[in-house]
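Shown next, in structure tokens, is the structure this report addresses.
Taken together, the values in this text are just the output of simple stated rules run on the coordinates, not laboratory data. On a predicted model such as this, the values are computed, not experimentally measured, just so you know. Cβ sites come from the backbone with ideal geometry, for glycine too, and all protein chains shown count toward neighbours.
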Amino acid sequence: MKVLIDTNILISAMLRNSKPEAVILWIIAQYDWRWMASPAIMDEYRGVLHRKKFNFTAEFIQQWTELLYESITLCEPNITIDFQRDLKDSKFLSCARFTNADVLVTGDNDFQDAQQLVDTLIVSPSEFLKIFMERHE
């Protein structure tokens, strides 16, 4: 299975021990799941790690940077989806379509309007937990 993780899920996972963190750690632990991202998504992830408002320590940034680079499969989408509702989300939709991703995990309600643009299942962390994680317990 191929999965994309929206930046808001990554932020939530970094800020507190929560469902988003459980989802990310579960995905990483599955041998047959791949966390997909494009260079643009990786740039956004790195930018979040360095936001001054979060005041993350250098050690924390290093740990998450290593986790990202060890866990993510990079792709170079050669398509662009123009998502007018939120242009910053276009990179996730382009990556989803290019990789034929199975799932996009997000807490952003804007993506509800994007479901018709991709075949990827768009779910919240709670929905992901019910659909995938509880089935494998």
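Annotations
- For segment 66-73, backbone phi angles converted through the Karplus equation (6.51, -1.76, 1.60; θ = phi - 60°) give residue-by-residue couplings of 4, 4, 4, 5, 7, 9, 9, 9 Hz, Gly and Pro being listed as x.
- Amide H contacts of TRP35: VAL3, THR73, each under 5 Å away and 5 or more positions distant or on a separate chain (H built 1.01 Å from N in the peptide plane; Pro and chain starts excluded).
- Inter-probe distance in nm under a simple model that places probes 7 Å from Cα toward Cβ, at ASP119 and TRP33: 2.1 nm
- Estimated from helical segments only, the mean residue ellipticity of the chain at 222 nm is -12500 deg cm²/dmol, where each DSSP H run of four or more residues counts as -39500 (n - 2.57).
- Whichever lysines have a C-alpha closer than 20 Å to that of LYS130, once near sequence neighbours (fewer than 8 apart) are set aside: LYS2, LYS19
- Residues TYR45, TYR31, sorted so that the one with the fewest Cβ neighbours within 10 Å comes first: TYR31, TYR45
- Ordering LYS91, LYS53, LYS2 from the fewest to the most neighbouring beta carbons within 10 Å gives LYS53, LYS2, LYS91.
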